[in-house]
Each structure stands twice: as C-alpha cells, then as structure tokens.
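The values are calculated or read from the model by the stated rules, or taken from the named source; none is laboratory data. Quantities reported herein were computed from a predicted structural model and do not represent experimental measurements. Cβ coordinates were reconstructed from backbone atoms using ideal geometry, including for glycine residues, and neighbour counts include every protein chain displayed. To get the accessible areas, we keep the full protein, side chains included, count just its heavy atoms, and leave off ligands, DNA and RNA. Shrake-Rupley method; radii C 1.70, N 1.55, O 1.52, S 1.80 Å.
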Amino acid sequence: MSTSFEPGAPAEKGSIPLCVPEIRGNEWRYLKECLDANFVSSVGPFVDRFERDIAACVGARHAVATVNGTAALHVALLVAGVLPDDEVIVPTLTFIAPANAVRYVGAWPVLVDAEPEYGQMDLQQVERFLVQGCGSEGGKTINKATGRCVKAVIPVHVLGHPVDMDPLVEIARKFHLVVVEDATESLGARYKDRSVGHLGDIACFSFNGNKVITSGGGGMIVTDNGEWAKKAKYLTTQAKDDPVEYVHNEIGFNYRMTNIQAAVGCAQLEQLDQFVARKREMASVYASRLAGLPGVSMIGQASWAQSIFWMSTIRLDPSRARMGSRDLLAALRRENIQSRPLWRPLHLNRPYAGMAFGACPVAAAFHSEALSLPCSVGLTDRQQAIVASTVRGMLQ
Ligand SMILES: *Cc1c(COP(=O)(O)O)cnc(C)c1O
C-alpha cells in the first residue's frame with residue numbers, strides 16, 4: 001500500500017486523498033513574522049492571540065493552548081478533578097485518544113454504545129448505566145460492579161456532529177459528573193444556538209493536520225472556569241511556581257504549543273467559516289449524487305444540529321448494498337481514491353477489552369458498514385464529481 005494513503009500525507013499525482021490541510025490564507029505571513037521576530041518557541045504573541053481567538057470563536061471565557069488534542073484531554077481531566085481509580089464514561093465509537101487520556105490520569109473508562117442515526121454517544125445507555133449500574137453515596141456516584149467513583153463523562157462530538165447535549169448535561173448534573181467535551185473533530189459545529197465546545201464544563205480541541213483547521217499539531221482547552229484555566233496553564237507549562245528560582249510544587253507537563261504552531265493556527269482560524277461552509281457543501285453534494293443507490297445512505301445531521309461534516313461518511317447496508325465497505329475501500333484504492341472506515345470500537349481494542357457497559361452492537365455496525373469519502377477543504381468540484389461517479393459506478 002502506498003504511504004500516500006496515510007491521512008494527512010501529500011497526495012500522489014492524480015490520487016485523491018481523504019482529508020489534507022488547506023493552506024491559502026495568512027499562514028506564510030504569520031510564520032515569517034514569527035521567524036523575523038525570533039519568537040519561535042513556546043512563548044509569543046501568536047500563542048496568546050490563538051487562545052483569545054479560539055475562546056472568542058467558541059464563546060468561552062478562557063482558552064489554554066496545548067501541544068495536541070490528546071494532551072488537552074489529559075489536562076482537562078486533571079483540572080476537572082478526575083483521580084486515579086475514578087471512572088469516566090466514554091463512547092466506544094471514537095478515535096482512541098479520550099480513553100487513553102482517562103488512563104493517563106489513572107482512571108478507567110466505562111464505554112457506551114453509539115446511537116444508530118449519527119453514531120454519537122448513546123444517551124440511553126449512559127442513563128441505564130447511571131440508574132441501574134450505579135448507586136449514590138454521600139453525593140458521589142459509585143459503580144456498583146467495581147465500587148469506583150464515576151467522576152466525569154466525555155461526550156465526543158464525532159465526525160463534526162454534536163452529541164445531544166441538553167439531556168446529557170441534565171443526567172450528568174443529576175449524578176454529579178463533570179462534562180468534558182471532546183470537540184476535537186467539531187470546531188465550528190453548533191448545537192441548537194450554541195457553539196460546540198461551550199456546552200459542558202470544559203472542552204478540548206485539536207489542530208492536527210486532518211482536522212477542520214490545523215496548526216501542524218496542537219490543541220486547546222476551553223472553559224468558563226477561571227480556576228481551571230489557570231491550573232491548566234500551570235500544568236501544561238511544567239508547573240512552575242517561581243520561574244526564576246525553579247520552584248515546582250507539583251508535577252507538571254511540557255504540553256505547550258509553540259508560537260510557530262499558533263501562527264499557523266491563527267491564520268487557519270481566520271478561514272474557519274469558509275472551511276466549514278465548504279465541508280457542508282461537499283456533504284450535501286455527496287448526498288445528492290449518491291442518492292438512490294441500493295443500501296447506501298449518508299450520515300446526516302439532526303434537526304437541532306449544525307454539523308461541520310468533518311468527514312463525509314456513507315453507510316452500506318450489508319443486506320442491500322452491492323458491496324461491503326471494505327470491498328468498496330479496496331476498489332476505490334485501485335482508482336487512487338482514498339477512503340477510510342470509522343474506528344474499531346474501543347472495547348474491541350486490547351487495552352479496553354471488557355470495559356463496555358453492556359453490548360455495543362451499534363458501534364460495531366458503524367465500524368463494519370461506514371466509509372468516509374474524500375473531503376479535503378481543497379477538493380475541487382471536478383475531483384468530487386470523479387469520486388461520486390466512481391462510487392456510483394461501483395454500487396449501482
Ligand atoms: C483527533 C482527535 C483527538 C486528538 O487530537 P490530537 O491533536 O491528534 O492529539 C482526540 N479525540 C478525537 C475524537 C480525535 O478525533
């Protein structure tokens with residue numbers, strides 16, 4: 001297999017990659033400013049500006065830049081007070097980072113299934129776990145099977161579409177859980193009239209190369225809680241209590257974003273609205289061009305949601321579609337078109353085996369039936385037409 005099929009890798013001539021960055025704004029200019037001013041490392045005006053701009057974009061009071069989205073999740077859990085041997089509810093259908101972050105703090109994920117429509121966390125299973133699987137002790141929620149304290153829930157807004165947050169936050173409040181949004185795939189998405197990343201207690205973003213905007217690599221923690229933001233800044237910058245005398249009262253991390261990364265991030269953020277509009281347009285073009293194929297549907301958006309369609313993803317009903325998702329993936333690859341399945345559910349990965357609450361058949365079905373199609377912001381209309389007609393030809 002060609003390495004050009006790695007997400008984020010540059011496309012070979014004539015091939016159509018899944019999702020690559022789009023560099024067409026002030027990226028060069030801001031980078032040059034960094035280099036000319038000799039502000040290349042982890043302090044600098046672009047870091048401050050990127051934090052301010054992301055906070056404003058989401059409508060949150062505070063933002064703290066990090067080296068990547070996984071580090072943001074790690075520190076968000078720490079400042080939210082998740083302790084070793086606590087438990088955190090995580091969807092099983094997600095990229096693995098949020099579950100790993102739970103393990104970094106020494107806590108344990110409790111994995112729940114996806115709902116069948118949009119592949120988001122199944123709130124009914126969350127409620128079943130809390131109501132039937134847990135008891136209350138002195139204002140704490142205790143998992144009856146393990147005796148551990150359930151401290152938080154991580155709704156992951158997968159594929160650019162928000163989780164149904166109002167009922168989730170209501171359940172979380174009832175059971176004293178902190179809500180840590182994993183909004184890494186969904187910057188710019190909206191839930192009802194509110195921004196994703198400002199719907200729980202604290203949220204995390206990623207600016208990895210395959211996300212809607214990129215800083216090369218990077219992440220952000222956003223919250224309205226000033227104490228938490230201060231603590232997050234402290235922990236991500238080696239927990240320095242006196243920078244001159246090197247006094248440290250805690251074990252911190254080197255999780256800082258560099259000014260170079262932030263410069264690219266600022267330039268990308270200026271283009272977010274355009275990028276989101278293009279992502280949404282591509283999804284609707286796929287939806288209309290692939291309409292009517294037997295057993296083929298697109299993952300759409302709920303009436304209360306404004307998805308950014310980070311990924312344009314189709315589902316192939318195994319009893320009706322002309323071919324399965326992996327055969328389609330292979331056939332597209334032969335045409336130099338890159339596609340990708342959704343993640344293997346976490347409970348089917350070795351580190352998280354046995355950690356699901358109940359069966360998770362819906363996540364497993366998404367894994368075997370879904371395929372994301374090329375959806376770079378820079379995908380041309382012509383390229384998209386090629387992808388759509390190739391897929392049509394294979395499935396009709
Ligand atoms: C991309 C992603 C992350 C992590 O972001 P990095 O910046 O790559 O560390 C976390 N969670 C989800 C759901 C993601 O898709």
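Once phi is turned into ³J(HN,Hα) by the Karplus curve 6.51 cos²θ - 1.76 cosθ + 1.60 with θ = phi - 60°, what whole-Hz value does each residue of the stretch 379-384 show in order, with x for glycine and proline?
Computed from phi, the couplings for the stretch 379-384 are 4, 7, 4, 4, 4, 5 Hz.
Averaged across orientations, what area in nm² does the convex hull of the alpha carbons in the stretch 255-302 project? Mind dumping the intermediate values first?
On the way: hull surface 22.9 nm².
Value for the stretch 255-302: 5.7 nm².
Loop sites only, by DSSP: take the chymotrypsin sites (Phe, Trp or Tyr not before Pro) in the chain that have at most 15 other C-beta atoms within 10 Å and name the longest stretch containing none of them. Can you show the working numbers first?
Values: sites that count: TYR246, TRP304.
Counting only loop sites that pass the neighbour cut-off, the longest clear stretch is 1-245.
Once amide H atoms are placed 1.01 Å from N in the peptide plane, what residues at a sequence separation of 5 or more from THR141, or on another chain, have their amide H within under 5 Å of its amide H?
Amide H neighbours of THR141, under 5 Å, 5+ apart: VAL150.
Any chance you could tell me what percent of the C-alpha pair distances in the stretch 29-142 go past 16 Å? Provide the component values of the computation, followed by the final result.
Details: 4624 of 6441 pairs.
Summing the P(r) tail past 16 Å for the stretch 29-142 gives 72 percent.
Name the shape class, rounded, prolate or oblate, that the alpha-carbon gyration tensor gives for the chain, where a ≥ b ≥ c are the square roots of its eigenvalues, rounded holds for a/c under 1.5, and otherwise prolate holds if a/b is larger than b/c and oblate otherwise. Don't skip to the answer; put the middle values down first.
On the way: a/c = 1.98, a/b = 1.15, b/c = 1.72.
The shape class here is oblate.
If each DSSP helix of 4+ residues adds -39,500 (n - 2.57) and the sum is divided by the residues in the chain, what number results at 222 nm, nearest 500 deg cm²/dmol? If you can, show how the numbers build up before the last one.
Numbers: 12 runs with 138 residues, N = 396.
Per the formula, -10500 deg cm²/dmol.
Give the lysines reachable from LYS240 as a straight Cα distance under 20 Å; neighbours fewer than 8 places away on the same chain don't count.
LYS230, LYS231
What dipole magnitude, in Debye to the nearest 20, does the chain give about its Cα centre under +1 on Lys/Arg Cβ and -1 on Asp/Glu Cβ? If you can, show how the numbers build up before the last one.
Numbers: 39 positive and 40 negative charges, 188 e Å.
Dipole magnitude for the chain comes out near 900 debye.
Over the Cα atoms of the stretch 291-396, what Rg and Dmax result, in angstrom?
Answer for the stretch 291-396, Rg first and Dmax second: 15.2, 46 Å.
Take the eigenvalues of the Cα gyration tensor for the stretch 264-346, scale each by 5, and report the square roots as semi-axes in whole Å, largest first.
Numbers: eigenvalues 143, 54, 34 Å².
Sorted largest first and rounded, they come to 27, 16, 13 Å.
Using a 1.4 Å probe, what is the accessible area per residue for the stretch 286-361, in Å²? Don't jump to the answer; show the numbers that get you there.
Values: 3670 Å² over 76 residues.
Per residue, the stretch 286-361 has an accessible area of 48 Å².
For the chain, which whole percent of the accessible surface, found with a 1.4 angstrom probe, sits on carbon and sulfur atoms? Present the calculation step by step, with values, prior to reporting the outcome.
Details: 8520 of 16630 Å².
Roughly 51 percent, rounded to a whole number.
Between the stretch 12-51 and the stretch 160-191, what's the alpha-carbon centroid distance in Å?
Answer, in whole Å: 30.
Rounded to the nearest whole Å³, what is the per residue volume of the convex hull around the Cα atoms of the stretch 131-256? Walk me through the numbers before you get to the answer.
On the way: hull volume 19.1 nm³, N = 126.
Given the Cα convex hull of the stretch 131-256, per-residue volume reads 151 Å³.
So in the stretch 76-153, what percent of DSSP beta bridges are antiparallel if you round to the nearest 5? Don't skip to the answer; put the middle values down first.
On the way: 6 of 14 bridges.
The answer is about 45 percent antiparallel.
Measuring with a 1.4 Å probe in the full set of protein chains, what accessible area per residue, in whole Å², belongs to the stretch 197-263? Please report the intermediate quantities before stating the final value.
Details: 2830 Å² over 67 residues.
Each residue of the stretch 197-263 exposes 42 Å² on average to a 1.4 Å probe.
What trypsin sites (Lys or Arg not before Pro) does the stretch 166-235 have in DSSP loop regions with at most 13 other beta carbons within 10 Å? Numbers along the way, then the final one.
Working: sites: ARG173, LYS174, ARG190, LYS192, ARG194, LYS211, LYS230, LYS231, LYS233; in loops: LYS192, LYS211.
Of the trypsin sites (Lys or Arg not before Pro), the ones in loops of the stretch 166-235 whose Cβ has at most 13 other Cβ atoms within 10 Å are LYS192.
Which trypsin sites (Lys or Arg not before Pro) in the stretch 309-379 pass both tests, a DSSP loop state and at most 14 other beta-carbon atoms within 10 Å?
Working: sites: ARG315, ARG320, ARG322, ARG326, ARG333, ARG334; in loops: ARG320, ARG322.
Counting only loop positions with at most 14 other Cβ atoms within 10 Å, the trypsin sites (Lys or Arg not before Pro) in the stretch 309-379 are ARG320, ARG322.
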